[in-house]
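The values are calculated or read from the model by the stated rules, or taken from the named source; none is laboratory data. The shown structure was predicted, so the numbers you read here are calculated from the model rather than taken from an experiment. Here Cβ is always computed from backbone atoms with ideal geometry, including for glycine, and neighbour counts include all displayed protein chains. Side chains are part of the model used for accessible areas, which takes the heavy atoms of the whole protein and leaves out ligands, DNA and RNA. Shrake-Rupley method; radii C 1.70, N 1.55, O 1.52, S 1.80 Å.
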Amino acid sequence: MPTTRKASVHFVTEALAARGHEVDTISVGFSTLTSFKRPELYAGLSADQKNRFVQTAPRRRSACYLPPLHPFSSGSAALNGINALFFPLYGNLPPAFMKAAIRAADVVAIESGTAIAFFDAVRRINPAARTLYFKRDRLDTVGAATHLQQLERRIAPLFDRVIVPSAAMAEGLPQESRIVAVPQGIDKVAFDACTTSPYAAGSRNGVSVGNMLFDADAVRAMAAADPDVFLHLFGAGISGTFPPNVRLYGERAFADIVPYIKFADFGIAPYRLTERERYLAESSLKLQQYAYCLLPVLVPDILGAGRGNLVGYAPAGEPDWAGKVEMAVALPHDPAWREGILSWDEVAARIEDELAGMRGDAALAGDAAE
C-alpha cells in the first residue's frame with residue numbers, strides 16, 4: 001500500500017515474493033472517512049489501488065478496500081458500541097475483488113487489528129485455504145475496540161498458525177491456539193548499503209522512530225537535560241512544543257529513515273509502558289534495527305537490559321536525565337548486540353517452514369478421516 005510507514009508485514013510479503021511466491025496484499029481499515037482525517041494518505045490510497053489490484057512488483061499485487069464508511073476503534077464507549085454492530089457487517093460483506101483473491105489463495109494471512117473482522121468471510125469463501133494470523137501487537141495495548149479483542153479470542157484457535165514476534169505476546173490467547181514465535185526481522189541490505197550520514201560532522205545525535213505509546217514528556221526531559229545533543233523524531237502525529245535541539249520529521253519513507261538510524265549515536269524508544277507491554281523488549285521492530293546498527297538505546301527501565309544495549313530511565317521522575325543521555329552517547333558499540341537478528345528473508349523462510357507444517361497437518365487430518 002502506498003503509505004510512508006512500512007510495517008513488518010510489508011517486509012514479510014516482499015520477502016515471500018522474492019522467494020517465488022505470488023502475493024496479493026489488501027489494505028483495510030480505511031474509507032472515505034480517511035479523507036477527512038488524513039487527506040494525503042487517502043489521496044495516495046485511492047489514486048491507483050482503490051478497490052482493485054495493481055501490480056506493484058514482480059509476483060506482488062496490492063489493493064486497498066475503500067468503502068464509503070468503515071468501523072474503527074475509539075476512545076468513546078458510545079462509538080465503540082455502534083462499531084461493535086458495524087464490524088460484523090463490514091467483515092462479512094467483502095467486495096468482489098477481495099472475494100476473488102480469497103478464492104484463488106492457498107494461504108490467507110490476516111494481520112492483527114481491523115483485518116480480523118474478515119476471518120469468518122475468509123473461512124466461508126475458501127474453506128480449503130490455510131490461515132495465518134500475524135499478531136504484531138496486543139490489541140489492548142494499541143487501543144483496539146472491545147469487539148475486536150473479543151473476536152480475536154474467539155477466532156485465534158481457528159487459525160492454522162498464529163505467528164507472534166514474542167512469546168509474551170501470546171498471553172491472553174486461548175491455550176488451544178497454534179502459536180509459533182518468529183522474531184521480527186530487519187532489512188539488513190538497506191542498512192548495510194547506507195554509507196552517508198545525514199548528521200553534521202562532530203554533532204551528537206539520538207533518533208526515535210515510531211509513535212506507538214509515545215512519551216513526549218520523557219523526550220522533552222532528556223532534550224532539556226542535554227541541549228548539546230540533537231534528538232531526531234520520526235512518526236505520524238508527534239507534535240507539540242519541544243526544546244530547540246529536537247527535530248520533528250513526521251512520517252517518512254523507510255529508506256529516508258535508514259541513514260538517521262545507522263549513523264546516530266544512540267536510539268530512543270520512549271514508550272509509555274505498563275507491565276503488560278513488557279513484550280516490546282522482544283517484539284519491537286525499532287529495537288531490532290537499533291541493535292543491528294549497534295546503537296545504545298534510551299528506554300523505560302521496565303524493559304530491562306535487552307541485548308546489553310538498553311539504558312534504562314525512570315519515566316516518572318528520572319533524577320539524572322543528563323547522566324542517562326551521556327551514558328547512551330558514551331556506551332561502547334558492541335558487535336555482539338546484533339547477534340541472532342534475522343533478515344526478512346530468514347523470517348520468510350521460517351514462515352515457509354510453518355506453511356509446510358500446515359500442509360502436513362492437513363494430510364494427517366485427511367488420513368485420519370479415511
Leaving ligands, DNA and RNA out of it, work out the accessible area of Thr146 with a 1.4 Å probe and give it in Å² to the nearest 10.
80
Positive-pole candidate from Val189, Pro259, Ala216, dipole of the range 188-338, charges at beta carbon
Val189
Under a cut-off of 28 Å between alpha-carbon atoms, report the lysines in cross-link reach of Lys188, not counting same-chain residues fewer than 8 places apart.
Lys6, Lys135, Lys262, Lys286
Would you compute the Debye intensity of the chain from its alpha-carbon atoms alone, equal scatterers and no solvent, and pass along log10 I(q)/I(0) at q = 0.09, 0.11 Å⁻¹ to two decimals?
-0.55, -0.83
Springs between alpha-carbon pairs under 10 angstrom, Gaussian network model over the chain: which of Arg178, Arg136, Arg38 fluctuates most?
Arg38
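For the chain, what does the relative contact order come out to in percent, with C-alpha contacts under 8 Å and a separation of six or more? Before the final figure, lay out the partial values.
Working: 622 pairs, mean separation 49.5, N = 370.
Rounded, it is 13 percent for the chain.
At 222 nm, what helix-only mean residue ellipticity would the chain give, in deg cm²/dmol to the nearest 500, using -39500 (n - 2.57) for each DSSP H run of four or more?
Details: 14 runs with 140 residues, N = 370.
Calculated mean residue ellipticity at 222 nm is -11000 deg cm²/dmol.
With the radius of gyration and the Kirkwood radius both derived from the Cα set of the range 8-181, what is their ratio Rg to Rh?
0.94
For His21, His147, give the ranking by accessible area with the largest first, probe 1.4 Å. Let's see the in-between values first.
Numbers: His21 65, His147 45 Å².
Highest to lowest solvent-accessible surface, that is His21, His147.
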For the range 181-271, alpha-carbon Rg relative to the globular expectation (2.2 N^0.38 Å, N residues)
1.11
Tell me, what is the percent relative contact order of the range 8-181, built from C-alpha pairs under 8 Å that lie six or more residues apart?
16
Largest fluctuation, Gly304, Gly75, Gly240 only, Gaussian network model of the chain with Cα springs under 10 angstrom, belongs to Gly240
Quick one: what are the phi-derived ³J(HN,Hα) couplings along the range 32-44, Karplus 6.51/-1.76/1.60 with θ = phi - 60°, whole Hz, x for glycine and proline?
4, 4, 4, 5, 7, 7, 9, x, 5, 4, 4, 4, x
Under a point spin-label approximation (7 Å from Cα along Cα-to-Cβ), what is the Ala96-Ile302 distance to one decimal in nm?
5.0
Springs between alpha-carbon atoms under 10 Å, Gaussian network over the chain: tell me which of Leu294, Leu331, Leu79 tops the mean-square fluctuations.
Leu79
Let me know the shape class of the range 188-338, please: from the alpha-carbon gyration tensor, a ≥ b ≥ c as square roots of the eigenvalues, rounded when a/c is under 1.5, otherwise prolate if a/b is greater than b/c, or oblate.
rounded
